[in-house]
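Working notes for the structure below.
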């Protein structure tokens, strides 16, 4: 793939005009250093937090002075390296954030049970759950992948976060809780040629998005606030292996900072809804966009275009 084609691919994946201002990097309104977004005293759980978007989100919560950041992943060595980097950065930035790691398979419900039991034994209550762990397999049509492969993606991207959410919400105490669900723009870009190559990923991420949307319907945001986000087109090993240069991509600071903002009361108006990290939050919170959010129950939610359920 030549450089011009690479540029076209990246631009097509980044294209959005939902707000007049579109960001590719963090900006003041979502800065983790803003007092209004402070995570002081909070414990944050990030699944898939050892690399990429998950690590960037963990870092931003550390920068927002979270008391503890817990990262879960499958590879103990990767988690250890990530924790070491975050601990060093915490010292550099002057925060006292404690970094904890747990290595296990998120498809193993018994291991998830053991994880929550260990937290309870240590008197640790999680305040913010970032559902970031995800799985996708090789690009093939669904019927060529087969039910077993497709279902493994559904289990990772739907069943596992559902079970974690059950445990998260069953913790003792009345403190407000926050969930940031990391999904992907693939859920509404099925006509894009690169996206269409992974239909099982689309299926599982849309299902996961709808899952959190439905949980939000029966959860007052004052008790459990849920915001689903598309992190952007963030450079990682997959892009690197295909020969893409990093310069054109969204920074990981953008998705990390947006996640911190999404776990604040400033984002309560997006409860149960979906947003790109690239969209300007000040525009989302005001003007015509905000009016539409407040008046249209289907806006920025998974639904069938053209049907309104008789509302």
Checklist entry - Can you give the convex hull volume per residue for the Cα atoms of the chain, as a whole number of Å³? => result 145 Å³
Next on the checklist: Sort 42-49, 4-11, 246-253, 183-190 by packing, meaning the average of other beta carbons within 10 Å per residue, with the highest value first.
Outcome noted: 42-49, 183-190, 246-253, 4-11
Checklist entry - Between residue 291 and residue 15, what is the FRET efficiency for a Förster distance of 25 Å, r being their Cβ-Cβ separation, to the nearest 0.05? => result 0.55
Checklist entry - Per residue and in cubic angstrom, what volume does the convex hull of the Cα atoms of region 114-173 have? => result 88 Å³
Checklist entry - When the convex hull of the C-alpha atoms of region 212-311 is computed, what volume per residue in Å³ does it have? => result 140 Å³
Item to check | R0 of 35 Å, Cβ-Cβ distance residue 27-residue 305: FRET efficiency to nearest 0.05 | outcome: 0.65
Next on the checklist: Just to compare against my own numbers: the Cα pair-distance distribution for region 18-70, 10 Å bins, whole % per bin, please.
Outcome noted: 24, 46, 26, 4
Item to check | Computed P(r) (all Cα pairs; region 87-206; 5 Å bins; percent) | outcome: 2, 10, 16, 17, 16, 13, 11, 8, 5, 1, 0
Checklist entry - If one puts a single equal scatterer on every Cα of region 1-107 and applies the Debye formula without solvent, what log₁₀ I(q)/I(0) results at q = 0.10, 0.20 Å⁻¹? => result -0.39, -0.97
Checklist entry - Roughly what % antiparallel, to the nearest 5, for the DSSP beta bridges in region 3-295? => result 5 percent
Next on the checklist: If I take every Cα pair under 8 Å that is 6 or more residues apart in region 3-295, average their sequence separation and divide by the length, what percent do I get for the relative contact order?
Outcome noted: 24 percent
Next on the checklist: Over the Cα atoms of region 95-149, what radius of gyration and what Dmax do you get, in Å?
Outcome noted: 16.6, 50
Checklist entry - Considering region 60-122, what Rg and Dmax in Å follow from its alpha-carbon atoms? => result 12.8, 37
Checklist entry - How fast does region 149-267 diffuse by Stokes-Einstein, in µm²/s, taking the Kirkwood radius from C-alpha pairs at 4 °C and 1.567 mPa s? => result 81 µm²/s
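Read-outs: derived from the displayed coordinates by stated rules, not from any lab. The model shown is predicted, which means the values in this text are computed figures rather than measured ones. When we count neighbours, we look across all protein chains shown, and the Cβ atoms used for this are built from the backbone with ideal geometry, even at glycine.
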